[in-house]
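A short reminder: the numbers here are calculations on the coordinates, not readings from a lab. From a predicted model like this one, the values you see are computed outputs, not experimental measurements. Methodologically, a virtual Cβ is constructed for each residue, glycine included, from the backbone with ideal geometry; neighbour enumeration extends over all protein chains shown.
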Amino acid sequence: MKARVIETGEIIEVKSLYSPVYSRLDCNGKIISEYDEDELEFLSNPDKPKMVNLEKIIEYLTPRLETDLGYYAAGDFINNFRKEFE
């Protein structure tokens with residue numbers, strides 16, 4: 001995961017090899033440096049798939065689909081959608 005070193009502002013790749021210390025590794029997997037959690041600001045990874053609550057998606061989609069497709073067609077779509085992603 002990516003993190004910014006608070007003291008220097010440097011953005012580095014870190015791994016949590018043992019809690020709560022994060023290690024910076026070289027290309028051979030050897031530890032270069034170690035940081036405590038309070039020394040880092042963790043950055044989100046835009047390439048990583050984001051987990052979302054299925055029920056919140058359905059809650060959002062239902063009224064919109066009912067308006068566009070009608071009550072029964074929206075219900076069928078929602079049921080198929082739920083089965084696909086559960």
Gain in span if fully extended, I32 to L17, counting 0.36 nm per residue against the direct Cα distance: 4.1 nm
Net charge contributed by nearby residues that have their C-beta within less than 15 Å of L54 (K/R +1, D/E -1): 0
Options L25, T8, F42, ranked by Cα towards positive dipole end of segment 2-42, top entry (Cβ charges): L25
Given (i) 12.2; (ii) 13.8; (iii) 16.5, the label whose value is Kirkwood radius over Cα pairs in Å derived from this model: (iii)
Backbone HN-Hα couplings from phi across segment 19-29 [Karplus 6.51/-1.76/1.60, Hz, Gly and Pro as x]: 6, x, 9, 10, 10, 9, 10, 8, 5, 9, x
Cβ-derived FRET efficiency at R0 35 Å, T8 paired with M51, nearest 0.05: 0.65
Dipole magnitude of segment 2-42, debye to nearest 20 (Cβ charges: Lys/Arg +1, Asp/Glu -1, about Cα centre): 260
The chain, dipole about Cα centre (Lys/Arg Cβ +1, Asp/Glu Cβ -1), debye to the nearest 20: 300
